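The values are calculated or read from the model by the stated rules, or taken from the named source; none is laboratory data. Remember, it's a predicted structure, so these values are computed and weren't measured experimentally. In this analysis, Cβ positions are derived from the backbone assuming ideal geometry, glycine residues included, and neighbour counts consider all displayed protein chains.
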Amino acid sequence: MAGMDHGAMGADGQMAGMDHGGHAMGSMKMRDFSNAPQVKRDPSVQTISPMPVDRTGEPGQGLADVGHKVLVYRDLMALDRNPDVRAPSRSIDIHLTGNMERFMWSFDGEKMSDHHEPIPFIEGERVRVNLINDTMMGHPIHIHGHFFELVTGHGDHSPRKHTVIVQPGGKVTWDFTADAVGDWAFHCHLLYHMHAGMMRVVSVRPKGDAQ
């Protein structure tokens, strides 16, 4: 772009002094890691969602103006009462990260081949998981060995799933019971993203064997 000082582009993605229609671009940092302190800060993370929102009530990408009703996650309800309705004892955030230009994909800024420690759980515990999509595309996230209940306002009849699409800039929350002892794959179901690094191992340890 003629006359544009590219040297003004900061490492955090902020364009100093640039104003579009009265909205200062400098006020919106697309790589503000203060919103995601556990995410590894390196070139594999192109953006951090500045204000992730629950988009489970929105149609998927490209389906907003198709001229007919599109079912969304909030339309789903379980036919039967959920088998475990305990409140979660803890909550964890997992960021879906990537660099689309370099085709690098990861969880929390680390690809599977660089991070061998599993995500730990104890048999029988109830955990809330917040998936936060920091990328510009949707990711269907799948956990092996377990079902989870989407937190979409349906109480003890929350929909039970093992895969959920997290829309760009979106956040999806689910509760699950770690009831299957063992090591389980946890990954993006776009398999080329999984192979590029958006995969981890979930490890459920028996009670009394938390180590």
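Results for (1) of a type in the set (Ser, Thr, Tyr); (2) closer than 17 Å to Ile92 by Cβ, shown as yes or no for each residue.
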| site | (1), (2) |
| --- | --- |
| Glu125 | no, yes |
| Val129 | no, yes |
| Pro140 | no, no |
| Ile143 | no, yes |
| Phe147 | no, no |
| Val151 | no, yes |
| His154 | no, no |
| Ser158 | yes, no |
| His162 | no, no |
Any strands (runs of 3 or more DSSP E) falling wholly within region 66-169 and containing at least 3 residues that are of a type in the set (Val, Ile, Thr): 90-99, 126-133, 163-166
Count, please, the residues in region 68-80 that happen to be surrounded by 10 or more Cβ atoms within 10 Å (Cβ to Cβ) and either in contact (Cβ under 8 Å) with a residue 60 or more places away in the chain or not β-branched (Val, Ile, Thr) (or both). 7
Against the condition more than 12 Å from Val166 (Cβ to Cβ), out of contact with any Ser or Thr (no Cβ under 7 Å at 6 or more places or on another chain) and at pLDDT 95 or above, how does Pro83 come out, does it pass? yes
Taking the conditions exactly as written (among the hydrophobic types (A, V, I, L, M, F, W, C), within 15 Å of Pro83 (Cα to Cα) and surrounded by 16 or more Cβ atoms within 10 Å (Cβ to Cβ)), does Val127 satisfy them or not? yes
Any idea which of Gly145, Gly170, Gly153, Gly138 is on the phi > 0 side of the Ramachandran plot and touching a strand residue (DSSP E or B) at 6+ places or on another chain (Cβ under 6 Å)? Gly145
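So in region 187-197, with the set limited to residues that are over 11 Å from Pro140 (Cα atoms) and crowded, with 19+ Cβ neighbours inside 10 Å, which one is nearest to the chain's Cα centre (by Cα)? I'd like the intermediate steps shown before the answer.
So the first thing to find is which residues in region 187-197 are over 11 Å from Pro140 (Cα atoms), and the list is 192, 195-197.
Okay, now just the ones that are also crowded, with 19+ Cβ neighbours inside 10 Å, so 196-197.
Working: Ala196: 16, Gly197: 14 Å.
Looking at residues that are over 11 Å from Pro140 (Cα atoms) and crowded, with 19+ Cβ neighbours inside 10 Å, I get Gly197.
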